[in-house]
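This report refers to the structure that appears directly beneath it.
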Amino acid sequence: MSLKALDEGYSSKNYVRKFLRALHPKWGAKVMAIEESKDLTSLSLDELIRNLKVHEMIIKKDFEIVKAKVERKSLALKAKK
């Protein structure tokens with residue numbers, strides 16, 4: 001049964017809001033930033049997904065940098081023993 005059959009047409013805004021609510025709680029800060037900075041009535045679902053993918057890539061890159069620093073620090077400590 002489609003949503004149109006239930007007479008509930010979903011606009012792009014409704015899809016975006018549903019998508020944001022469905023995200024894992026670890027995305028809460030990003031969701032809040034998007035809601036505060038973007039006009040959700042004009043934000044498409046594709047644009048939202050692109051925005052989240054870019055954010056995810058930044059998080060992964062930051063994690064790799066921190067991990068590399070920790071590994072270098074632990075190597076330096078081992079060398080001094």
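The values are calculated or read from the model by the stated rules, or taken from the named source; none is laboratory data. All values derive from a computational prediction rather than experimental measurement. Here the Cβ is made from the backbone with ideal geometry for all residues, glycine too, and neighbour counts use every protein chain on show. These accessible areas exclude ligands, DNA and RNA; they are computed on the full protein's heavy atoms, side chains included. Shrake-Rupley method; radii C 1.70, N 1.55, O 1.52, S 1.80 Å.
Tabulated results
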{"read-out": "Subset of the stretch 14-48 (residues that are touching a residue at least 12 places away in the same chain (Cβ under 8 Å) and among the β-branched types (Val, Ile, Thr))", "value": "Val16, Ile34, Thr41"}
{"read-out": "Boolean, Leu3 is in a loop (DSSP other than H, G, I, E, B), surrounded by 14 or more Cβ atoms within 10 Å (Cβ to Cβ) and at pLDDT below 90", "value": "no"}
{"read-out": "Residues that are open to solvent by less than 100 Å² (accessible area, probe 1.4 Å), part of a loop (DSSP other than H, G, I, E, B) and modelled with pLDDT of 90 or more, drawn from the stretch 20-70", "value": "Leu23"}
